[in-house]
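**Q** Can you keep this structure in mind? I'll have questions shortly.
Derivation of every value follows stated rules applied to the coordinates shown; laboratory data play no part. Computed from a predicted structure; not experimentally measured. Note that we place each Cβ from the backbone using ideal geometry, even for glycine, and neighbour counts take in every protein chain shown.
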């Protein structure tokens with residue numbers, strides 16, 4: 001197993017992109033990733049598959065964050081939420097808006113399956129659920145995304 005700092009150096013960009021897609025805000029993604037990396041550092045000697053551990057931790061903490069936000073909404077600081085990718089492209093903006101419109105579970109499944117290119121089985125393992133749950137969440141999410149993207153494109 002590679003040393004922790006080497007893993008962070010190699011994986012941080014990839015993990016940050018996942019965190020950003022899960023929470024939709026740069027500062028929140030930075031906080032989420034920092035929390036996960038802190039937990040990983042403490043447990044590093046016991047983690048057998050760092051990539052799987054990180055994906056599961058990001059997904060779990062993102063879902064817990066959404067639950068907490070329902071009780072106490074966050075207000076982002078003005079001017080501090082810079083995009084992870086170039087949002088001048090209308091398609092990227094539309095995809096981010098459509099993802100933001102999905103419930104937490106569906107959004108997490110879509111991000112892991114299609115942005116991280118995980119299989120149904122790997123996604124189920126990352127989320128600690130059955131493959132049937134991944135398939136049903138995907139089946140519900142894709143038509144909603146299609147509808148939202150069609151609606152956003154039709155507005156333009």
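**Q** Between residue 12 and residue 114, how high is the FRET efficiency from 1/(1 + (r/R0)^6) when r is the Cβ-Cβ distance and R₀ = 25 Å? Nearest 0.05.
**A** About 0.75, to the nearest 0.05.
**Q** Taking other Cβ within 10 Å of each residue's Cβ, how do 48, 6, 25 sort, fewest first?
**A** In increasing order of surrounding Cβ atoms, one gets 48, 6, 25.
**Q** Quick one: 108, 13, 133, fewest Cβ neighbours within 10 Å first, how do they rank?
**A** Fewest-to-most ranking of 108, 13, 133: 13, 133, 108.
**Q** So, R0 is 41 Å and r is the distance between the beta-carbons of residue 45 and residue 135; what FRET efficiency does that work out to, to 0.05?
**A** So the FRET efficiency works out to roughly 0.70.
**Q** Another question, if that's okay. May I ask you to sort 130, 60, 123 by Cβ crowding, counting other Cβ atoms within 10 Å and putting the fewest first?
**A** 130, 60, 123
**Q** Taking only the alpha carbons of the range 98-148, what extent do you get along each of the three principal axes, in Å, biggest first?
**A** 28, 19, 14
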